[in-house]
Amino acid sequence: MTFLTLQRTILGPVQALHEAALRVTAGELEQRLRSQRRDELGALANAFDAMLNRLQETLVSRNLLEAEMIERKLAQAEIQHINVDLEERVRQRTAELQAANLELESFAYAVSHDLRGPLRALSGFSQALLEDYGERLDGEALDDLQQIDIASRRMGELIDGILTLSRSTRGALQRDPVDLSALSTRLLAQLAAIEPQRRVVWEVAPGLRVLGDPTMLEVVMANLIDNAWKYTGKTSDSRIRVYSENRDGTRWLCVTDNGAGFDMAYSERLFKAFQRLHRQEEFPGIGIGLATVQRIVHRHGGTVAAEGMPERGATFRFTLPEAAASQELTKI
Amino acid sequence: MKHKAILIVEDNHQDERLILRALRKANLANTIDVVRDGQQALDYLFAEGEFADRATGLPAVVLLDIGLPRLSGLQVLERLRADPRTRLLPVVILTSSDEEQDRLQSYQNGANSFVRKPVQFADLAETVARLGIYWLLINDPPNL
């Protein structure tokens with residue numbers, strides 16, 4: 001009797017606890033003893049249930065953690081994949097751009113060779129006609145022949161212009177100190193020597209030192225100063241000034257003149273190749289100078305701007321970012 | 001033997017006529033030969049192929065275009081400089097090109113001059129006449 005009581009009240013629940021513990025070992029965490037007893041055995045069973053609760057919670061958060069880790073690894077792999085992909089795409093685009101650039105260069109090369117030949121024939125045979133049969137031609141015929149010669153000369157200049165433009169930014173960009181004051185003074189003195197009859201008052205600010213490609217910057221200054229010289233050709237008291245000024249924290253290099261100027265309404269056409277704001281008879285030219293200037297300044301990472309007023313002169317300005325000085329803007 | 005002549009290597013028929021006209025006007029047209037591609041130029045100078053029975057002797061100067069069929073002018077120049085018979089032969093590159101790479105390559109291959117053909121005939125005539133006078137009358141070439 002005592003034994004039976006003992007078995008029902010103590011050994012039974014202990015046995016149940018033991019079996020439950022064995023099941024837990026086997027991985028079964030959902031079971032609960034849910035003992036209704038108020039004695040120590042009940043407390044043990046409740047503690048066992050609580051332990052199972054905690055165990056289950058821990059397991060869930062471990063699973064969550066593991067899932068998160070897997071997710072992170074996947075994301076990392078994805079990022080790596082995207083990076084590789086991006087690098088590959090950059091490589092591809094660079095190669096494409098390089099190919100396009102080479103194609104453009106060989107196009108310019110072909111232009112230089114193949115367009116000049118027929119032009120030489122036009123000029124040559126019209127000249128031959130003039131020399132051999134000129135006496136038998138009347139005035140109008142002679143003038144017609146003259147027009148062929150003028151046109152071929154003009155086209156020759158345009159071809160040279162295309163080549164100048166396409167070559168202006170060829171090769172690696174150098175970043176050397178350039179003294180724009182000395183350069184401008186030399187260029188202006190050269191112009192004054194070529195046209196000693198011109199009375200031009202010019203002024204170059206000292207200390208205009210910049211970092212850039214010396215050859216390209218000489219082309220920039222030569223074009224801007226040539227323009228200033230040309231467009232003050234019909235101005236009685238011609239003035240040209242080369243200086244720098246700060247605007248909104250940026251240093252601008254400026255060439256200003258008091259010559260023919262231009263109407264700001266057309267300013268967007270100024271920097272486009274072969275676009276001109278003046279008639280050939282007023283000021284001859286092929287409209288390649290400012291396009292070249294813009295190309296070179298852009299290659300340096302800078303900006304160009306122009307201000308002008310008809311008959312009141314023009315100012316051309318550009319920036320050469322110092323920040324970009326260290327980073328080589330490789331040609332692509 | 002001294003064989004005073006100019007060899008013109010020119011594939012453009014119109015350029016050929018204009019160059020000949022300019023030389024004629026400068027009274028330099030008496031001994032001029034014209035060949036029309038790079039291989040022909042070599043055959044002429046080495047008296048081979050279609051020129052096998054040409055009287056030997058080299059011209060006073062070769063006016064050599066760059067863009068030529070078969071062998072280019074630069075290749076012709078390379079072969080001429082590699083052969084002891086023509087190593088010292090005066091060669092003037094006369095071309096439409098004003099490409100730096102062509103100019104450099106020409107001198108590297110041993111050109112004596114690099115002259116650009118002007119587009120305007122008046123300029124071309126003057127250039128060609130000056131070249132003729134210089135290489136035929138003023139220059140004293142080595143005995144080849």
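The values are calculated or read from the model by the stated rules, or taken from the named source; none is laboratory data. None of these values were measured; they are calculated from a predicted model. Virtual Cβ from ideal backbone geometry, glycine too; neighbours counted across all protein chains shown.
Can you tell me which of A:ASP176, A:ASP132, A:ASP138 is of a type in the set (Asp, Glu) and within 14 Å of chain B (Cβ to nearest Cβ)?
Going through A:ASP176, A:ASP132, A:ASP138 in turn, just one is of a type in the set (Asp, Glu) and within 14 Å of chain B (Cβ to nearest Cβ): A:ASP132.
Could you please find all residues in the stretch A:161-206 being assigned to a helix (DSSP H, G or I) and within 27 Å of the chain's Cα centre (by Cα)?
Within the stretch A:161-206, A:GLY161, A:ILE162, A:LEU163, A:THR164, A:LEU165, A:SER166, A:ARG167, A:LEU180 meet the criteria.
So the check is Cβ under 6 Å with 6+ separation or different chains; which pairs have a first residue in the stretch A:252-266 that's closer than 19 Å to A:ARG239 by Cβ and a second one that's of a type in the set (Lys, Arg) and part of a loop (DSSP other than H, G, I, E, B)?
Short answer, once both residue conditions are applied: A:GLY261/A:ARG312.
For the stretch B:106-128, which residues satisfy the criterion of being surrounded by 17 or more Cβ atoms within 10 Å (Cβ to Cβ), within 14 Å of another protein chain (Cβ to nearest Cβ) and part of a helix (DSSP H, G or I)?
Selection gives B:PHE121, B:LEU124, B:ALA125, B:THR127, B:VAL128.
Please find, among B:LEU136, B:LEU58, the residue that is away from chain A (no Cβ under 12 Å), in contact with a helix residue (DSSP H, G or I) (Cβ under 9 Å, 6 or more places away or on another chain) and over 30 Å from A:MET155 (Cβ atoms).
It is B:LEU58.
When A:ALA151 is evaluated against the numbered criteria (1) exposed (fewer than 14 other Cβ atoms within 10 Å of the Cβ); (2) within 13 Å of chain B (Cβ to nearest Cβ), which criterion, by number, is the only one it fails?
Among (1) exposed (fewer than 14 other Cβ atoms within 10 Å of the Cβ); (2) within 13 Å of chain B (Cβ to nearest Cβ), the lone unmet condition for A:ALA151 is (1).
State yes or no: is B:ALA55 surrounded by fewer than 19 Cβ atoms within 10 Å (Cβ to Cβ), modelled with pLDDT under 90 and within 13 Å of the chain's Cα centre (by Cα)?
Answer is no for this residue.
Within the stretch B:11-28, which residues are among the aliphatic types (A, V, I, L, M), more than 10 Å from chain A (Cβ to nearest Cβ) and within 27 Å of B:LEU71 (Cβ to Cβ)?
B:LEU20, B:LEU23, B:LEU28
With the requirement that a residue be more than 13 Å from chain A (Cβ to nearest Cβ) and assigned to a loop (DSSP other than H, G, I, E, B), what does the stretch B:90-105 give you?
B:PRO90
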